[in-house]
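Values in this text are rule-based calculations from the coordinates and carry no lab data. Keep in mind it's a predicted model, so treat the numbers as computed, not measured. Methodologically, a virtual Cβ is constructed for each residue, glycine included, from the backbone with ideal geometry; neighbour enumeration extends over all protein chains shown.
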Amino acid sequence: MSGSPATVDGRALRVALLGCGTVGSEVARLLTEQADEFAARAGAPVELAGIAVRRPDKHPELPAHLLTADAAALVESDVDVVVELVGGIEPTLEWLLSALRRGKSVVTANKALLAEHTAELAEAADASGADLYFEASVAGAIPLLRPLRESLAGDRITRVMGIVNGTTNFILSAMDSTGAGYAETLDEASRLGYAEADPTADVDGYDAASKAAILASLAFHTRVTASDVHREGIAGVTASDIGAAKLLGRTVKLLAICERVTSEDGTESVSARVHPVMIPRSHQLAGVGGAFNAVYVEADAAGELMFYGQGAGGSPTASAVLGDLVAVARNRVVGGRGPRESAHAGLRVRPMGQTPTRYHISLDVADRAGVLAQVAQVFAAHDVSIATVRQRDKHSTASLVIVTHLAQDAALQATVDEIGKLDVVREVVSVMRVEGED
Ligand code: NDP
Ligand code: HSE
């Protein structure tokens, strides 16, 4: 594929591409079109040795001699690197373990797999000395994992918070600008091709939870899996929530929030969660609209950092995959290895109930003496401190908007449950966590 000189061991780097769909087809195209440029950057020619797809007959655009439906055999053949762009856990886990055990480096964008099986994959890579790179698995084109794994490796990261799912960001941005409800906006997003035919992984927060697990693991040097991440999607976000947020100069975003939490006795733990939040419209993440991603990182020495760009799509994601492939090739040429898994801290992952959060609660209440006192009494009973209260008179009722200080999430939930049962409360209009106002 390239006329450049061979690698130090006398031949080109042979790449197996597993999957040639949205992302894989762009990887194949760029690798082919820019072969000479790529070889110069990688320090060795890179040869596409085979492409595994589910239905080879459906790919007349690809060279027939490269195509196979047998990914496992391709992995076992004479290839140096496996680029996995199929997705899912089975059978991809077996293919990648097979590659790593044979000393073949792996580049993958598969967040679902990494969020559950990084430990096994990293152990297999360590045993054989192969590389495991996965920049494209979180936030598409945005260089984010390499900064966490390498550039910030000497710092102490305290928080990683961001918009890591483009589909839900598109839907929430549209709800904010049109005032329309969730179901109607999801239909529109599907019609425009922004939401998948089956949007479950995106709208129910599974995709973002996988990404949060990967981010928390890297940021806090601790193994965090998707099942450790508290997950709430956007299906429960109503036009009333969006309206309540707007009235207070806020907007609603689905955020992945990974934090280092220090207890009063100095013990550190990790909290990882995905849920809708209200943030001030002046917050850096509030201006991130449409299908874009943005991630905000706080570290002791570096301070605040912001990463922004296209979090999905064939070509943007291929950019991250090819960056990893260049890194693997360079390591092969000079004989080094990429960063290994760093899980030495082994911090405890806090359950959501013990995580400090703040709530925004909008209520319609009876407009008579003593109502505010009754409501405040419930907060006090759960040891939840109120930060602000705003009241607006309606006809026979009053609209009450309460924002709390930080409290344990379980105490806040219990407060909301009890308030909803008070006779004086006509309706709980909106309940949502608040971020970005500490
Ligand atoms: P697609 O569904 O577009 O492509 C999947 C590819 O895998 C297809 O070529 C398919 O073959 C092939 N395939 C499926 N099953 C097998 C099998 N058993 N053996 C061999 N090949 C198989 O997926 P995407 O390109 O969208 O995503 C790929 C990965 O990248 C996923 O892990 C995804 O999470 C991740 N990712 C995707 C992003 C995006 O914007 N799309 C962004 C960031 C990450 P065939 O073509 O014959 O059906
Ligand atoms: N479905 C994902 C999104 C693709 O909407 O952001 C990128 O991982």
query: Most fluctuating residue of Val425, Val321, Val295 in a GNM of the chain with Cα springs under 10 Å: which is it?
result: Val425
- prompt: What is the ratio of the Cα radius of gyration of the stretch 334-391 to 2.2 N^0.38 Å, where N is its residue count, to two decimals?
  reply: 2.22
query: Gln377 versus Glu37, label points 7 Å from Cα toward the beta carbon: distance in nm?
result: 7.1 nm
field: GNM flexibility winner over the chain from Leu97, Leu17, Leu254 (Cα, springs under 10 Å)
entry: Leu97
Sequence-separation-based contact order of the chain, relative, with Cα cut under 8 Å and 6+ spacing, percent: 16 percent
task: Treating the Cα atoms of the stretch 145-311 as identical point scatterers in vacuum, please give the log10 of the normalised Debye intensity I(q)/I(0) at q = 0.14, 0.19 Å⁻¹, two decimals.
output: -0.71, -1.19
- request: Excluding residues fewer than 8 places away in the same chain, name every one of the lysines whose C-alpha is closer than 19 Å to that of Lys211.
  value: Lys111, Lys253
- request: Name the residue farthest towards the positive end of the dipole of the chain from the options Gln413, Leu97, Ala42, assuming +1 on Cβ of Lys and Arg, -1 on Cβ of Asp and Glu, about the Cα centre.
  value: Ala42
Listed residues Ile214, Gln391, Gly87: farthest to the positive end of the dipole of the chain (Cβ charges): Gln391
- prompt: Out of the DSSP beta bridges found with both residues in the chain, what percent are antiparallel (nearest 5)?
  reply: 70 percent
field: Longest to shortest principal axis, alpha-carbon extents of the chain, angstrom
entry: 86, 51, 33
statement: About its Cα centre, the chain carries a charge dipole, from +1 on Lys and Arg Cβ atoms and -1 on Asp and Glu Cβ atoms, whose size in debye to the nearest 20 is 460 debye
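Considering Cα pairs under 8 angstrom that are at least six residues apart, work out the relative contact order of the stretch 145-311 and quote it in whole percent.
Numbers: 327 pairs, mean separation 55.1, N = 167.
It comes to 33 percent, rounded to a whole number.
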field: Per-residue [θ]222 nm for the chain (sum of -39500 (n - 2.57) over DSSP H runs n ≥ 4, rounded to 500)
entry: -10500 deg cm²/dmol
query: Given springs between every Cα pair under 10 Å in a Gaussian network model of the chain, which of Gly303, Gly43, Gly166 has the largest fluctuation?
result: Gly303
Check: the stretch 145-311 dipole with +1 on Lys, Arg Cβ and -1 on Asp, Glu Cβ, in debye: 280 debye
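Based only on the alpha carbon positions, what is the Kirkwood hydrodynamic radius of the stretch 251-349, in angstrom? Show your work: numbers first, answer last.
Values: mean 1/r = 0.0587 Å⁻¹.
Mean inverse Cα-Cα distance, inverted, gives 17.0 Å.
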- line: Relative contact order as a percentage, the stretch 316-438, C-alpha pairs under 8 Å and 6+ apart, gives 33 percent
